[in-house]
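Trainee: Before anything else, here's the structure in question.
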Amino acid sequence: MMPENELLGRMQREWDARALKNARFYVNTANENWTDEEFFASGRQTVREEVLTDMINICQGKDPKQMTVLEIGCGVGRVTRALAEVFGTVHGVDVSGEMVRQAKEANRAILNAHFWQNNGTDLTVLGAIEVDFAFSSIVFQHIPSREVIQKYVCEVHRLLRAGGLFKFQVQGDATLNTEEHDTWLGVPFSDEQAVALAAWCHFEPRYRHGAGGQYFWLWFFKK
């Protein structure tokens with residue numbers, strides 16, 4: 001097994017390389033030549049489908065413009081920008097410094113969106129920021145270590161206010177042919193493993209959808 005510090009270094013290097021080659025394609029592989037308009041419209045579509053349809057669970061009576069939101073794996077800000085149109089403050093983190101650089105450049109006019117490079121396993125770069133809602137889409141599917149994902153989830157628990165929701169995806173398809181330490185097709189979770197992950201990080205796994213598929217959605221509420 002590769003030591004964790006070596007794995008995190010590999011994740012950073014490989015995502016930096018993808019960002020330099022064609023960041024928008026590796027963020028959303030539906031198009032190799034995204035225009036600005038099309039690319040950020042695809043982020044709004046994600047928010048329409050996965051956030052705006054779920055505002056009762058997400059806001060729990062709060063005014064979204066008064067909420068602070070965390071996005072794990074922000075890439076170049078495709079979804080972050082759309083979240084910033086709905087919520088008061090959005091913090092996006094990514095392991096790739098090049099992705100974060102491009103996110104800041106592309107979203108410099110979006111004053112309530114903030115971008116941070118983290119170390120790939122924790123969220124200490126954010127300090128003691130409290131968040132009302134955390135979100136992650138098509139990110140943990142690329143992480144080849146359950147231990148690293150577990151640390152991320154526990155870190156979200158640390159920053160999330162009591163009762164808050166972390167809505168995110170993991171890889172649920174164990175049949176995909178993945179190589180060890182592959183930073184593109186990451187480690188899968190069964191439904192049982194997802195429930196165990198919630199218990200380890202002190203979350204309530206209130207809802208789950210898509211077990212066995214590539215887009216296994218989890219609704220983890222902080223107890």
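Trainee: Hey, does region 204-214 have a residue that's aromatic (Phe, Trp, Tyr), surrounded by 15 or more Cβ atoms within 10 Å (Cβ to Cβ) and in contact with a strand residue (DSSP E or B) (Cβ under 7 Å, 6 or more places away or on another chain)?
Mentor: No, because not a single residue in region 204-214 is aromatic (Phe, Trp, Tyr), surrounded by 15 or more Cβ atoms within 10 Å (Cβ to Cβ) and in contact with a strand residue (DSSP E or B) (Cβ under 7 Å, 6 or more places away or on another chain).
Trainee: Looking at this structure, is Ile143 at pLDDT below 95, hydrophobic (A, V, I, L, M, F, W, C) and farther than 21 Å from Gly164 by Cβ?
Mentor: The answer is yes for Ile143.
Trainee: When you check Gly127 against the structure, is it farther than 18 Å from Leu197 by Cα and over 14 Å from the mean Cα position of the chain (by Cα), yes or no?
Mentor: Answer is yes for this residue.
Trainee: Continuing with the same structure: Suppose the filter is closer than 13 Å to His181 by Cβ and more than 20 Å from the chain's Cα centre (by Cα); does Met2 pass it?
Mentor: Considered against the rule, which asks whether it is closer than 13 Å to His181 by Cβ and more than 20 Å from the chain's Cα centre (by Cα), Met2 comes out as yes.
Trainee: Can you tell me how many residues within region 154-189 are crowded, with 16+ Cβ neighbours inside 10 Å, out of contact with any strand residue (DSSP E or B) (no Cβ under 7 Å at 6 or more places or on another chain) and polar (S, T, N, Q)?
Mentor: Within region 154-189, residues that are crowded, with 16+ Cβ neighbours inside 10 Å, out of contact with any strand residue (DSSP E or B) (no Cβ under 7 Å at 6 or more places or on another chain) and polar (S, T, N, Q) number 2.
Trainee: Which of the residues belonging to region 72-113 are more than 16 Å from Trp15 (Cβ to Cβ), in a loop (DSSP other than H, G, I, E, B) and in contact with a helix residue (DSSP H, G or I) (Cβ under 6 Å, 6 or more places away or on another chain)?
Mentor: Residues satisfying the conditions are Phe87, Gly88, Asn107, Ile110, Asn112.
Trainee: Also, I was wondering about something else. When both residues are 6+ apart or on different chains and their Cβ atoms are under 6 Å apart, which pairs have a first residue that lies in region 120-144 and is closer than 29 Å to Ile56 by Cβ and surrounded by 20 or more Cβ atoms within 10 Å (Cβ to Cβ), and a second that is among the basic types (Lys, Arg) and modelled with pLDDT of 95 or more?
Mentor: Close Cβ pairs (under 6 Å, with a partner that is among the basic types (Lys, Arg) and modelled with pLDDT of 95 or more) amount to Asp132/Arg161; Phe135/Lys167.
Trainee: Further, regarding this structure: Quick check on my filter: what residues within region 168-214 are of a type in the set (Ser, Thr, Tyr) and under 20 Å from Glu71 (Cβ atoms)?
Mentor: Thr183, Tyr207
Trainee: Can you tell me which residue among Cys59, Cys74 is at negative phi, in contact with a Gly (Cβ under 7 Å, 6 or more places away or on another chain) and surrounded by 12 or more Cβ atoms within 10 Å (Cβ to Cβ)?
Mentor: Values: Cys59 fails: in contact with a Gly (Cβ under 7 Å, 6 or more places away or on another chain).
Only one candidate passes the filter, namely Cys74.
Trainee: Where in region 133-223 are there strands (runs of 3 or more DSSP E), lying wholly inside it, with at least 1 residues that are of a type in the set (Gly, Ala, Ser) and over 18 Å from the mean Cα position of the chain (by Cα)?
Mentor: 160-170
Trainee: Condition first: over 21 Å from Thr89 (Cα atoms) and of a type in the set (Phe, Trp, Tyr). Now tell me which residues in region 131-165 satisfy that.
Mentor: Phe140, the sole residue that qualifies.
Trainee: Moving on to the next point. For the list (1) closer than 25 Å to Met2 by Cα; (2) charged (D, E, K, R); (3) out of contact with any Phe, Trp or Tyr (no Cβ under 9 Å at 6 or more places or on another chain), I need the number of the one condition that Arg158 fails.
Mentor: Result: Arg158 passes all but (1).
Trainee: So how many residues does region 18-71 have that are part of a loop (DSSP other than H, G, I, E, B), of a type outside the set (Phe, Trp, Tyr) and either in contact with a Leu (Cβ under 9 Å, 6 or more places away or on another chain) or over 22 Å from Trp116 (Cβ atoms) (or both)?
Mentor: The total comes to 11.
Trainee: In contact with a His (Cβ under 7 Å, 6 or more places away or on another chain), in contact (Cβ under 8 Å) with a residue 60 or more places away in the chain and not in a strand (DSSP E or B): does that describe Met2?
Mentor: yes
The values are calculated or read from the model by the stated rules, or taken from the named source; none is laboratory data. Values in this document were obtained by computation on a predicted structure and should not be read as measured data. Because the Cβ atoms are built from the backbone with ideal geometry, glycine has one as well, and the counts that use them run over all protein chains shown.
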